[in-house]
Amino acid sequence: MSAMELVCPAGTPAALKAAVDNGADAVYMGFRDATNARNFPGLNFSRPELEQSLAYAHARNCKIFLAINTFPEAGNPDPWFQAVDDGAALGVDAVILADIGMLAYTTEKHPDLRRHLSVQASASNPESIRFYADTFDVKRVVLPRVLTLGEITALNKEISVETEVFVFGGLCVMAEGRCALSSYVTGQSPNVNGVCSPACAVRYEEDGDRMISRLGDFTINIFEQGEAAGYPTLCKGRFKAGGKISYLFEDPVSLNAASILPELAAAGVSALKIEGRQRGKAYIAQVAASFRSAVDAIAEGGGRGAPSDLTAITEGQQKTAGAYQKTWR
Amino acid sequence: MSHPTTLVMGPVLYNWDPEAWRDFYFRIADEADVDEVCVGEVVCSKRTPFFEPYIGDVIERLLAADKQVTLSTLALIMTKREMQSVRDLAAMDDDNITVEANDVSATALLSGRPHAIGPFVNVYNEGTLAFLAARGARSVCLPVELGRDAIAALAKDAPTALEVLVFGRLPLAISARCYHARAHDLHKDGCQYVCAKDPDGMEVETLDGKPFLAVNGVQTLSHAYTDLGAHIAELQSMGVSRLRLSPHQNTDMPSVAAIVRDLSAGTIAPEEARARLAALNPAADFCDGYFNAAPGCERMDG
């Protein structure tokens, strides 16, 4: 069994170095604008920063993937076209795209530039994947976080392109690229503006002993004294439905599929993706090193090779294997 | 330039009692002044067997009433069985019936022949619109979060007819997880079809009691109903030729259609339309933020 590729996030050149130094096979990043799905203040790369990072990574046999995975704004596609053109000129190893128009543009203008399909394209079945592979010669598809292990196994048998799956970090519980919850509340869209539950729309208010977290005009959670007040990501909030108060969509947990890496390899997965371009270099270093040793152990036939315990750095100190287990649904 | 306006009744998104589902479509056939009616399960494939015995009768009745019939496909396809159902729909060869793709897989299967693109396929820009048009898309219902400027940019020289949702709860998200089941301490596999308890969605409130969202199985919708009545003349002047209404059980949909028809014909003022819509569902809140490039939940224009 060939080793699964370890794909790590980088929001800054320092994080990128940390990922490279700790064993990433590839690092994905984006430019500092709305062309990528992590358009947060203080994050992402200028063109010169990408150029320097490419030199650093390539000298160490690590690839760089450029995420241009938001949907270009009607009437203003030029920043997206420019991002692809610049990535191609600088020599990125692949671009990660979500939009059909962008795939068409890239296929025509840069036929030799390797194309991956972003999770934002929400391709969850063989016909969709075949469409992107046949039409735009997409080489790899990042699978949405909606599929079970069994479904991934069945899917890989029906398609000829590589698949990449998320194994660690934030857990989108809605089909990616098809969620307008954040824009409904904040006016900022993951699909267009590249931000979900953006900090500019977040407020914390003290109410006696309680802490209220809000996104836009809506209360996302209320924390009693002693409870850790988490970030008000909309789908990780506490709400009232059917007379019951609960984390209706998802608990404030992180995805950690470390315990099922051999099963993912057996399912035919080509690459493992770590989420977290907004994370610091220490975090990236720790997660990359941990998954590096696990992937190597599996490739060497060393059994499970479970990564070191990462519980301390997961959100809410809780973890889930998410949609990979059928019971999650 | 103004185009003749087509009124489209979108698919029933909820898990209605099968007879209520049938009767709704019969009533739309008999009483509603709409040009086109979408039929089919978009949200959860587990519901299809319930209304399947009636779908033939419904289509027949709609066609007999001179409505164009559109079969809408699932929005999120994960299993082989679901994929097969879309293949079957796409393989249908009936000039009277259009298939509406709500997933890229369906657009691929329908390529080369006339078809419709539903609001769950991401068409945000001219490049994607042109690509889909070249493969046979004749109409595209735009994603709900697009505002005035984006719609105008797309409508300029659009290669397909463009459609905008002007009434009803906004479909905001879809998931593999069933939130209806989760709210009832069940899993999707043993959901007991609890979504049937809420024919217009299960209300979700914030902890301080503010209405917020509505859960419909694996789908999440807005609490507020979009009402773009005040913007219909503007949409028409941009070149948007199709207006979609999303069905609700607690709202008299033929009456909604009549109001939107009057608005599109310019025979009533938006203020009157707004009052009439509010009277049809006094409990509903309305929003039009997305059109104004604001948070979708906001109500900005009357």
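One table, with the values for the structure above:
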quantity: Count of residues meeting criterion [within 21 Å of B:Pro18 (Cβ to Cβ) and touching a helix residue (DSSP H, G or I) at 6+ places or on another chain (Cβ under 8 Å)] in segment B:198-214; calculated: 3
quantity: A:Ala257 vs. criteria within 24 Å of A:Ala67 (Cα to Cα), surrounded by 20 or more Cβ atoms within 10 Å (Cβ to Cβ) and without any contact (Cβ under 8 Å) to a residue 60 or more places away in the chain; calculated: no
quantity: Selection status of A:Arg60, free of Cβ contacts under 8 Å to residues at least 40 places away in the same chain and open to solvent by 10 Å² or more (accessible area, probe 1.4 Å); calculated: no
quantity: Subset of segment A:262-273 [farther than 16 Å from A:Ala323 by Cβ and either of a type in the set (Ser, Thr, Tyr) or outside any strand (DSSP E or B) (or both)]; calculated: A:Pro262, A:Ala265, A:Ala266, A:Gly268, A:Ser270
quantity: Residue match in segment B:76-83 (condition: at pLDDT 95 or above and open to solvent by 40 Å² or more (accessible area, probe 1.4 Å)); calculated: no
quantity: Residue ranges of helices (runs of 4 or more DSSP H) in segment A:47-139 with at least 1 members in contact with a Ser or Thr (Cβ under 6 Å, 6 or more places away or on another chain); calculated: A:78-90, A:100-109, A:126-136
quantity: Given (1) open to solvent by less than 20 Å² (accessible area, probe 1.4 Å); (2) closer than 23 Å to A:Ser182 by Cβ, index of the condition B:Asn292 fails; calculated: (1)
quantity: Given (1) in a loop (DSSP other than H, G, I, E, B); (2) closer than 20 Å to A:Pro126 by Cα; (3) touching a strand residue (DSSP E or B) at 6+ places or on another chain (Cβ under 9 Å), number of the condition B:Tyr124 does not satisfy; calculated: (2)
quantity: Filter result (buried (at least 20 other Cβ atoms within 10 Å of the Cβ) and in a strand (DSSP E or B)) within segment A:244-254; calculated: A:Ser254
quantity: Segment A:181-197, subset in contact with a Ser or Thr (Cβ under 7 Å, 6 or more places away or on another chain) and open to solvent by less than 10 Å² (accessible area, probe 1.4 Å), residue farthest from B:Asn122 (Cα to Cα); calculated: A:Ser197
quantity: Those residues of segment B:149-164 which are within 12 Å of another protein chain (Cβ to nearest Cβ) and modelled with pLDDT of 95 or more, in sequence order; calculated: B:Asp149, B:Ala150, B:Ile151, B:Ala152, B:Ala153, B:Leu154, B:Ala155, B:Lys156, B:Ala158, B:Leu162
quantity: Matching residues, segment B:127-152, being surrounded by 20 or more Cβ atoms within 10 Å (Cβ to Cβ), assigned to a helix (DSSP H, G or I) and touching a residue at least 24 places away in the same chain (Cβ under 8 Å); calculated: B:Leu129, B:Leu132, B:Ala150, B:Ile151
quantity: Those residues of segment A:131-151 which are facing another protein chain (nearest Cβ under 10 Å) and at pLDDT below 95, in sequence order; calculated: A:Pro144, A:Arg145, A:Val146, A:Leu147, A:Thr148, A:Gly150, A:Glu151
quantity: Residue within segment B:136-156 that is touching a Lys or Arg at 6+ places or on another chain (Cβ under 6 Å) and at positive phi present; calculated: yes
quantity: Qualifying positions in segment B:87-109 - in contact (Cβ under 8 Å) with a residue 12 or more places away in the chain, more than 20 Å from the chain's Cα centre (by Cα) and open to solvent by less than 40 Å² (accessible area, probe 1.4 Å); calculated: none
quantity: Selection from segment A:104-130 of residues that are more than 7 Å from every other protein chain (Cβ to nearest Cβ), crowded, with 22+ Cβ neighbours inside 10 Å and under 22 Å from A:Glu158 (Cα atoms); calculated: A:Arg115, A:His116, A:Leu117, A:Ser118, A:Val119, A:Gln120, A:Ala121, A:Ser122, A:Ile129
quantity: Exclusive hit being closer than 14 Å to B:Pro247 by Cβ and within 18 Å of the chain's Cα centre (by Cα), set B:Ile59, B:Ile28; calculated: B:Ile28
quantity: Subset tally (residues that are hydrophobic (A, V, I, L, M, F, W, C), open to solvent by less than 30 Å² (accessible area, probe 1.4 Å) and in contact (Cβ under 8 Å) with a residue 60 or more places away in the chain) for segment A:144-166; calculated: 5
quantity: Within segment A:63-74, considering residues that are out of contact with any helix residue (DSSP H, G or I) (no Cβ under 6 Å at 6 or more places or on another chain) and not hydrophobic (A, V, I, L, M, F, W, C), the one nearest to A:Thr163 (Cα to Cα); calculated: A:Lys63
quantity: Residue check, B:Thr220 at pLDDT 95 or above, out of contact with any Ser or Thr (no Cβ under 6 Å at 6 or more places or on another chain) and within 18 Å of A:Phe249 (Cα to Cα); calculated: yes
quantity: Conditions (1) among the β-branched types (Val, Ile, Thr); (2) at pLDDT below 95; (3) closer than 25 Å to A:Val192 by Cβ: number failed by B:Thr107; calculated: (2)
quantity: Members of segment A:75-88 that are open to solvent by 10 Å² or more (accessible area, probe 1.4 Å) and touching a helix residue (DSSP H, G or I) at 6+ places or on another chain (Cβ under 9 Å); calculated: A:Gly75, A:Asn76, A:Pro77, A:Phe81, A:Asp85, A:Asp86, A:Ala88
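Quick grid of which residues meet (1) in the same structural domain as A:Lys273 (by the TED database); (2) modelled with pLDDT of 95 or more; (3) out of contact with any strand residue (DSSP E or B) (no Cβ under 7 Å at 6 or more places or on another chain); (4) closer than 16 Å to A:Gly194 by Cβ:
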| site | (1), (2), (3), (4) |
| --- | --- |
| A:Glu49 | yes, yes, yes, no |
| A:Ala59 | yes, yes, yes, no |
| A:Pro79 | yes, yes, yes, yes |
| A:Val84 | yes, yes, no, yes |
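The values are calculated or read from the model by the stated rules, or taken from the named source; none is laboratory data. Computed from a predicted structure; not experimentally measured. Note: ideal-geometry Cβ built from the backbone for every residue, glycine included; neighbour counts use all protein chains shown. Protein only, heavy atoms only, side chains kept; ligands, DNA and RNA dropped before computing areas. Shrake-Rupley method; radii C 1.70, N 1.55, O 1.52, S 1.80 Å.
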